[in-house]
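S.K.: Please read through the structure below; I'll follow up with questions.
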Amino acid sequence: MPSIVITCRSVVDGCYLTLLIISCLGLIVTLNRFISFFTWIFRTCFRSEKNLLRSYGSWALVTGATNGIGKAFAHQLAQRGLNLILVSRSFQKLKTVAGEIKAKHPGTRVKIVEMDFAGDLTEGLRRVEEASEGLDVGVLINNVGITYPRAMFFHEVEEKVWRNIVRVNIEGTTRVTKIVLRGMLQRRKGAIVNIGSGASVVVPSHPLFTIYAASKA
């Protein structure tokens, strides 16, 4: 009889210990989430704005700068006192955006570089290098990107389509980064922002945009 009681107590003690360990792990995970959340709130709402000009440099380079996110970044960077190198496929659209920025911020210097990331990268990269030579490009926004013409499963994507996606979203972005990074390393300061996509985060295994999601992870 005593041995049965001892065995029962051992089982109960083991259950309590397991429950305690699980509870502690749960508490740690919960605290970590709360800390991350409140850190985000602080950085978003209360932290003082960083002086990009002093912290990184007087120039910023933005790819895919004629529409959407890239265009918005260009306007915001100009508002914060940075000069701009705008890179995109359409020369006419680049001129339009540059004109809009200069109209709002007359003191901003703007260079435009026509580059088709799906085309001849060698020529486009040469233009980017020439435009940025001798400038303290402290901020790089890699925004350029293309996706499928429509939602498709992996086996439905034509080779030309996925090759262009990889060429634009990965190869072009990587090569522009290498050009700008050299100066940042010499000056020992700089910031590089790669624009990803919710397709690689919200739905990690997006069945209809697999290659695009992988290229924008």
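S.K.: If each DSSP helix of 4+ residues adds -39,500 (n - 2.57) and the sum is divided by the residues in the chain, what number results at 222 nm, nearest 500 deg cm²/dmol? Show your work: numbers first, answer last.
M.R.: Numbers: 8 runs with 111 residues, N = 217.
Dividing the helical sum by the residues of the chain leaves -16500 deg cm²/dmol.
S.K.: Among 138, 20, 214, whose Cα lies farthest out toward the positive end of the dipole of the chain, if unit charges sit on the beta carbon of Lys, Arg (+1) and Asp, Glu (-1)?
M.R.: Going by the Cα projections, it comes out as 138.
S.K.: For segment 35-46, just list the computed ³J(HN,Hα) in residue order, Karplus coefficients 6.51, -1.76 and 1.60, θ = phi - 60°, integers in Hz, with x standing in for Gly and Pro.
M.R.: 4, 4, 5, 5, 5, 5, 4, 5, 5, 7, 10, 10
S.K.: Give the longest segment of the chain that steers clear of GluC sites (Glu not before Pro) in DSSP loops with at most 12 neighbouring Cβ atoms within 10 Å, not counting the sites themselves.
M.R.: Values: sites that count: 49, 133, 158.
The segment 50-132 is the longest one with no such site.
S.K.: For the chain, which whole percent of the accessible surface, found with a 1.4 angstrom probe, sits on carbon and sulfur atoms? If you can, show how the numbers build up before the last one.
M.R.: Numbers: 8330 of 13780 Å².
The C+S portion of the solvent-accessible surface of the chain is 60 percent.
S.K.: Please calculate how many Å² of accessible area the chain carries per residue, with a 1.4 Å probe and no DNA, RNA or ligand atoms counted. It would help to have the intermediate numbers written out before the result.
M.R.: Numbers: 13780 Å² over 217 residues.
Normalised by residue count, the accessible surface of the chain is 63 Å².
S.K.: Here's something else I'd like to know. Would you mind working out the magnitude of the charge dipole of the chain relative to its Cα centre, with +1 at each Lys and Arg C-beta and -1 at each Asp and Glu C-beta, to the nearest 20 Debye?
M.R.: 760 debye
S.K.: Along each principal axis of its Cα atoms, how long is segment 156-216 end to end? Whole angstroms, biggest number first, please.
M.R.: Here the spans come out as 46, 27, 10 Å, largest first.
S.K.: Follow-up. Evaluate E = 1/(1 + (r/R0)^6) for residue 42 and residue 175, where r is the Cβ-Cβ distance and R0 equals 30 Å; express this FRET efficiency to the nearest 0.05. If you can, show how the numbers build up before the last one.
M.R.: Working: r = 36 Å, r/R0 = 1.21.
Working from the Cβ atoms, E equals 0.25.
S.K.: Please list, in chain and number order, the residues 5+ apart from residue 110 or on another chain whose amide H is under 5 Å from its amide H, with Hs placed from the backbone.
M.R.: 84
S.K.: Considering the chain as a Gaussian network with a 10 Å cut-off on Cα pairs, which listed residue, 67, 169, 143, attains the greatest mean-square fluctuation?
M.R.: 67
S.K.: From the convex hull of the Cα coordinates of segment 61-145, what is the mean projected area in square nanometres?
M.R.: Details: hull surface 20.0 nm².
Computing the convex hull of the Cα atoms and averaging its projections yields 5.0 nm².
S.K.: Choose one of 119, 72, 173: the residue whose Cα lies farthest towards the positive end of the charge dipole of segment 64-217 (beta-carbon charges +1 Lys, Arg; -1 Asp, Glu; about the Cα centre).
M.R.: Checked the options; the winner is 72.
S.K.: With springs only between Cα atoms under 10 Å apart, run a GNM on the chain and tell me which of 115, 152, 184 wobbles the most.
M.R.: 152
S.K.: Using a Gaussian network model of the chain whose springs link C-alpha atoms within less than 10 Å, name the residue from 92, 186, 76 with the highest mean-square fluctuation.
M.R.: Looking only at 92, 186, 76, the biggest GNM fluctuation is shown by 186.
S.K.: Now for a separate question. Given (1) 19.0; (2) 20.6; (3) 21.5 as candidate values of Kirkwood radius over Cα pairs in Å, which corresponds to the one derived from the coordinates?
M.R.: Correct label, based on the coordinates given: (2).
The values are calculated or read from the model by the stated rules, or taken from the named source; none is laboratory data. It should be emphasised that the depicted structure is a prediction, and the values quoted were computed from it without experimental measurement. As a convention, Cβ positions derive from the backbone with ideal geometry for all residues, glycine included, and neighbour counts pool all protein chains shown. The area values use the complete protein model at the heavy-atom level, side chains included, leaving out ligands, DNA and RNA. Shrake-Rupley method; radii C 1.70, N 1.55, O 1.52, S 1.80 Å.
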